[in-house]
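Chemist: I have a structure I would like to understand better, so I am pasting it below and will then ask my questions one at a time.
A short reminder: the numbers here are calculations on the coordinates, not readings from a lab. The shown structure was predicted, so the numbers you read here are calculated from the model rather than taken from an experiment. Backbone-built Cβ (ideal geometry, glycine too); neighbour counts: all protein chains shown.
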Amino acid sequence: MADFNELYDNFVSYLTSRRKNLKKDIRMARLKKEPKEVVQEGIQLGLLLGITITFIAFILLNEANLSLLWLIPLFPIFVILSYQYRLLGIKSKVMARKQEINKDVLFAGRYLLVKLNSGAPLVNALDEAANSYGLANKYFREIMNDIDLGKPVEEALDDAAEYSPSEKFRKIIFQINNALKIGIDVTDFLRETLEQIVEDQILQIKKYGKKLNSVTLFYLLIGVVLPSLGMTILTLVMSVTEALSGWAFYSLVLLVLTILQATFLITYRQIRPNINI
């Protein structure tokens, strides 16, 4: 048993060492876990889902009178895919945090700039930004939590910039920390950074307009015109050849149209910039 535990620990350590960016991704996702814990969770989830899916595949293959030898390559595939799914969950949380910050980063930066222009010290401005309204306030609160725990301001800002999933938020923190280290006025650097972010967001909106026109054109052709003409032609073909029954034909058409509409809906949501000027 001891040999098995040692072998398992070595295997977990090997998988952890293969994931060079896992520790940083965990920090960026603000998860209070070690890389080894995440890898162990991935292994356990992979085995659990792998066994479950393989059992379902066994039932289906047995009912279809197909060879059960297919289960031999399917089981490790299911385990690996389930393991990767757990690690992709970390990435998805990082992306969710990035979108959340980007949506409100401009307001947070402007709020911080107003407080600094009013003469408030940097730490007090960060504290007030942490208690302000909006989605980005909790990210300033994370910085303040590090400062309250005794971490120097420069080090807390360095960590916030390094482990921030948002490049825009990282720019703001970097400029603040850079000005603080040099010993010059923070507001000028912060104002220039915010103006650059506004320009970038305006550019994203213009690009979104061009993408929207293209996607809408494809939707009108593939999602409206093609199904209308296709239904007419297929109905005529079906009535002549009687290749498909009415129930089977319309069920298949409904499934294809549902997948098509869902695809365009997801596409529209993905190309939309998550910004707030």
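Chemist: Over the chain, with a Gaussian network built from C-alpha contacts below 10 Å, which listed residue (ILE176, ILE101, ILE202) shows the highest mean-square fluctuation?
Modeler: Checking each option, the largest mean-square fluctuation is seen for ILE202.
Chemist: With 10 angstrom as the radius, rank VAL79, VAL253 by how many other C-beta atoms surround their C-beta, starting from the fewest. Can you show the working numbers first?
Modeler: On the way: VAL79 21, VAL253 16.
Final ranking by Cβ density, sparse to dense: VAL253, VAL79.
Chemist: So what J values fall out for the range 151-157 if you push phi through Karplus, 6.51 cos²θ - 1.76 cosθ + 1.60 with θ = phi - 60°, rounded to Hz, Gly and Pro as x?
Modeler: 6, x, 4, 4, 5, 5, 5
Chemist: Something else about it: Calculate how large, on average over all directions, the projected area of the Cα convex hull of the range 2-94 is; give the answer in nm² to one decimal.
Modeler: On the way: hull surface 28.7 nm².
Its average projected convex-hull area is 7.2 nm².
Chemist: Going by Cα centres, the range 183-200 and the range 47-103 are how many Å apart?
Modeler: So the separation of the two Cα centres works out to 46 Å.
Chemist: Right, next: Please tell me which of these pairs span more than 28 angstrom C-alpha to C-alpha: LYS33/LYS211; LYS93/LYS171; LYS32/LYS115?
Modeler: Numbers: LYS33/LYS211 39 Å; LYS93/LYS171 21 Å; LYS32/LYS115 32 Å.
LYS33/LYS211; LYS32/LYS115, as the Cα separations exceed 28 Å there.
Chemist: Among MET144, PRO76, LEU106, whose Cα lies farthest out toward the positive end of the dipole of the chain, if unit charges sit on the beta carbon of Lys, Arg (+1) and Asp, Glu (-1)?
Modeler: Checking the options against the dipole of the chain, the answer is LEU106.
Chemist: GluC sites (Glu not before Pro), restricted to the range 33-127: which are DSSP loop and have at most 12 other Cβ atoms within 10 Å? Mind dumping the intermediate values first?
Modeler: Numbers: sites: GLU37, GLU41, GLU63, GLU100; in loops: none.
Hits after loop and neighbour filter: nothing returned.
Chemist: State to the nearest 20 debye the size of the charge dipole of the chain about its Cα centre, where the only charges are +1 on K and R beta carbons and -1 on D and E beta carbons.
Modeler: 580
Chemist: A further question on this structure: Between (1) 1.13; (2) 0.95; (3) 0.93, which entry matches Rg/Rh (Cα atoms, Kirkwood Rh) as derived from the coordinates of this structure?
Modeler: It is the value labelled (1).
Chemist: Have a look at ILE173, THR187, LEU31 and report the one farthest towards the positive end of the charge dipole of the chain, computed about the Cα centre with Cβ charges (Lys/Arg +1, Asp/Glu -1).
Modeler: THR187
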